[in-house]
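The next block holds one structure in the form of structure tokens; read it before the comments.
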Amino acid sequence: MIWTDALHFLDKILGFNPDSPLLFTQFYFWAFFFIVFCVFSLIGNRRLLRNAFLFLMSLLFYFKTSGPAVLILIFITCSDFLIARRIDSSRKTIARKLWLALSVCIDLTILFYFKYSYFFADFFRSLTGIPFQVHDIFGADAIVLPVGISFFTFQVISYTVDVYRGAVKPVDNILDFGFYVSFFPQLVAGPIVRASEFIPQLYKPFNLGRRQFGISVFWILNGLVKKIVLSDYIAVNFVDRVFNSPQLFTGFENICALFGYSLQVYADFSGYTDIAIGVAMMMGFYLPQNFNSPYKAANPQDFWRRWHMSLSNWLKNYLYIPLGGNRSASFATYFLIILFAVIAVFLSGHWAVSLLFAGIAAAMGLVALLRPERKKKITANINRFITMLLGGMWHGASWNFIIWGGLNGIGLIAYQFWKDMAWWVRILLVASVTGLLACLRAFAPLPVWNMLFWWALLILAGTAVRFIYHLLGGKGCGALGKVWGIAQTFIFVTFTRLFFRSGSNLDPATANEEAWRTATNMVERIGSDWNWSLVPEIVSNYWKVFGLIILGMIVHWLPARFKRWYRLNFALLPLPVMALVAAAVIFVIYQFITADLQAFIYFQF
């Protein structure tokens, strides 16, 4: 009986339960971390033993989170460790390139199998008419996406490429390398850590200063508040309900849910990052900043410098620049244009989409031919657009994610041209678009034209005010112009999130149809006539949610200097006072915990 109970206890502690992954928001994770930290503190300055221990604990953490998929993590760790050493030892360029190609092919094949098998099976079936079945290698009924596979795959690719470029030397010990790849705080949702940033930390002695301890506690508490108090509460009590059945809610509720989701996804993802940074710092390791108040961005380019910074930097260094960056177009540029045209046809089911792609590419090519001085700018924008499309597909192979990536690519391109336009061109362009949408709204009434018309009218009003200010001798409208830019960027980013959220948390086999239906239902509700008499009642019913959204945005928009001030002052509190403050924060967090803990949104990527 005792042995049975003991085995049952060990199975619960060490076994994998798919219904209860190890989350930062669970008590079990903090018990796990407490034990890990206690052992780590005893061996902190014995480098090899410390790194080996953390590697094994990271594998245990991933097994508790994703079960047998830990074998994939181990395989990728071994293959990239060995191949990187072969790249470094090879003296011939062709051999180095072949080893690099092998590494990237192995990593991407594994990623593509788990993430895009259903997509390519449907693509093959639509082209040939031959049924093509895919099966899970672990024997499950359907392919289950391993948690965080995109993050650790991109991380090992960056390592191998940096070894090839000579930016870093390969790690000599596989235990050290395994620790770099699988470090549990950032393993399943980033940030994506480049080898040059993290590997030197592997060889430093453990040191936890008084201020460092206080800052790490602050980041952990800050992340928990973001996740549980903001993200989960808003999601469970409002956003998820609307997105699950948008047609049952008013247009006002739909648009509020859309803006609420912008705060939810930020609080969720940056909350995870804050906890990861705090836990890593507690053990003497520093992870890179992943968010820098992205909703303070005054334009789309600035937004992507602030949002998911590790992925943005990865895409820039390992995709955008190799494509040609802002210098020229490469063979890969043209190949990917054709590939995305084919994918767009497949996902949409209309050849007109392919003709649209071809038309845009031809128009850009014609402009580059007639205006050689603009060729660099055009090719740079093409490379930006391709990068954002691939960034969309990184999140999932569904029509909605590609639309989301494409819209963000268009936003980046539009900003590049907008900032160079004369003021009279800007006002003429916006007025023309507004007039066109007014005609479409009148003669071909659809909710989407109605929604876009009011947005365009808002932009026209702001552009007209700034144009008049410019005519009177002003330059840029100062602070008012920046606030206007922040508001418009936030609205644009929020609108694109309609397609991002609609494509999330879905069975890959049915994602396209379900995602498109949700998005179109929401557009229909938002673009239809609103019953304004219901707004006071809606606000009254959801006042707690709306209050949290407003409070969350106010905190987000606080000056960075003020945030640094209260973070540092918390870190310098006497330990008994810090403990009391932490206990009070945890008590507040506990009041917001829902019956079912919500997984982090980016676990699915």
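Per-residue answers, yes or no, for (1) in contact with a Pro (Cβ under 7 Å, 6 or more places away or on another chain); (2) under 18 Å from residue 519 (Cβ atoms); (3) in contact (Cβ under 8 Å) with a residue 24 or more places away in the chain:
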| residue | (1), (2), (3) |
| --- | --- |
| 209 | no, no, no |
| 222 | no, no, yes |
| 226 | no, no, yes |
| 230 | no, no, yes |
| 243 | no, yes, yes |
| 258 | no, yes, yes |
| 262 | no, yes, yes |
| 278 | no, no, yes |
Would you point out the residue of segment 549-567, among those that are in a helix (DSSP H, G or I) and aromatic (Phe, Trp, Tyr), that is farthest from residue 238 (Cα to Cα)?
-> 565
All but one of (1) among the hydrophobic types (A, V, I, L, M, F, W, C); (2) assigned to a helix (DSSP H, G or I); (3) in contact with a Phe, Trp or Tyr (Cβ under 6 Å, 6 or more places away or on another chain); (4) at pLDDT below 90 hold for residue 120; which doesn't?
-> (3)
Flagged in segment 74-95 as touching a residue at least 60 places away in the same chain (Cβ under 8 Å), in contact with a Phe, Trp or Tyr (Cβ under 6 Å, 6 or more places away or on another chain) and either open to solvent by 40 Å² or more (accessible area, probe 1.4 Å) or not β-branched (Val, Ile, Thr) (or both), in numbering order, are 81
When residues of segment 429-445 are limited to those that are surrounded by fewer than 14 Cβ atoms within 10 Å (Cβ to Cβ) and modelled with pLDDT under 90, the one farthest from residue 491 (Cα to Cα) | 443
Is at least one residue of segment 260-281 open to solvent by 10 Å² or more (accessible area, probe 1.4 Å), over 20 Å from the mean Cα position of the chain (by Cα) and within 26 Å of residue 62 (Cβ to Cβ)?
-> yes
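Return yes or no: is residue 318 open to solvent by less than 60 Å² (accessible area, probe 1.4 Å), touching a helix residue (DSSP H, G or I) at 6+ places or on another chain (Cβ under 9 Å) and either more than 20 Å from residue 401 (Cα to Cα) or of a type in the set (Gly, Ala, Ser) (or both)? Steps first, please.
Details: open to solvent by less than 60 Å² (accessible area, probe 1.4 Å): yes; touching a helix residue (DSSP H, G or I) at 6+ places or on another chain (Cβ under 9 Å): yes; either more than 20 Å from residue 401 (Cα to Cα) or of a type in the set (Gly, Ala, Ser) (or both): yes.
So residue 318 fits the description; yes.
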Can you confirm whether segment 483-491 contains a residue that is within 31 Å of the chain's Cα centre (by Cα) and farther than 26 Å from residue 392 by Cβ?
-> yes
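Within segment 154-197, how many residues are of a type in the set (Val, Ile, Thr) and under 15 Å from the mean Cα position of the chain (by Cα)?
Total meeting the criteria: 3.
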Of the conditions (1) under 30 Å from residue 41 (Cα atoms); (2) under 25 Å from the mean Cα position of the chain (by Cα); (3) open to solvent by 50 Å² or more (accessible area, probe 1.4 Å), residue 105 clears all except one; give me its number.
-> (1)
Given 454, 424, 449, 418, which one is within 23 Å of residue 376 (Cβ to Cβ), out of contact with any strand residue (DSSP E or B) (no Cβ under 8 Å at 6 or more places or on another chain) and of a type in the set (Phe, Trp, Tyr)?
-> 418
Any hit, segment 503-524, residues being out of contact with any Pro (no Cβ under 9 Å at 6 or more places or on another chain), open to solvent by less than 60 Å² (accessible area, probe 1.4 Å), modelled with pLDDT of 85 or more and within 27 Å of residue 556 (Cα to Cα) | no
Select from segment 148-175 the residues that are part of a loop (DSSP other than H, G, I, E, B) and in contact (Cβ under 8 Å) with a residue 40 or more places away in the chain and list them in ascending order.
-> 148, 169, 170, 171, 173
Determine if segment 357-375 includes at least one residue that is assigned to a helix (DSSP H, G or I), of a type in the set (D, E, K, R) and modelled with pLDDT of 80 or more.
-> no
Would you be able to say whether some residue in segment 531-548 is part of a loop (DSSP other than H, G, I, E, B), open to solvent by 50 Å² or more (accessible area, probe 1.4 Å) and under 28 Å from residue 448 (Cα atoms)?
-> yes
Are any residues in segment 60-73 among the aliphatic types (A, V, I, L, M) and either surrounded by fewer than 16 Cβ atoms within 10 Å (Cβ to Cβ) or farther than 15 Å from residue 35 by Cα (or both), and if so, which ones?
-> 69, 70, 71, 72, 73
Scan segment 200-215 and give yes if some residue there is over 30 Å from residue 55 (Cβ atoms) and at pLDDT 90 or above, otherwise no.
-> no
Those helices (runs of 4 or more DSSP H) completely within segment 1-75 that have 2 or more residues that are farther than 22 Å from residue 598 by Cβ and either modelled with pLDDT of 85 or more or among the basic types (Lys, Arg) (or both) are 27-43, 47-66
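Out of curiosity, is residue 186 among the polar types (S, T, N, Q), at pLDDT below 90 and buried (at least 20 other Cβ atoms within 10 Å of the Cβ)? Give the derivation first.
Details: among the polar types (S, T, N, Q): yes; at pLDDT below 90: yes; buried (at least 20 other Cβ atoms within 10 Å of the Cβ): yes.
The answer is yes for residue 186.
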Go through the residues of segment 553-563 one by one and say whether even a single one is touching a helix residue (DSSP H, G or I) at 6+ places or on another chain (Cβ under 8 Å), modelled with pLDDT of 90 or more, open to solvent by less than 70 Å² (accessible area, probe 1.4 Å) and farther than 30 Å from residue 394 by Cβ.
-> no
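With the requirement that a residue be of a type in the set (Ser, Thr, Tyr) and surrounded by 14 or more Cβ atoms within 10 Å (Cβ to Cβ), what does segment 126-180 give you? Please lay out each step first, then the result.
Keep residues of segment 126-180 that are of a type in the set (Ser, Thr, Tyr), which gives 126, 128, 150, 153, 158-160, 164, 180.
Passing the criteria: 150, 153, 158, 159, 160, 164, 180.
The values are calculated or read from the model by the stated rules, or taken from the named source; none is laboratory data. These figures come from a predicted structure and were not determined experimentally. For neighbour counting, all protein chains shown are included, and Cβ atoms are generated from backbone atoms with ideal geometry for every residue, glycine included. With ligands, DNA and RNA removed, areas are computed over all heavy atoms of the protein, side chains included. Shrake-Rupley method; radii C 1.70, N 1.55, O 1.52, S 1.80 Å.
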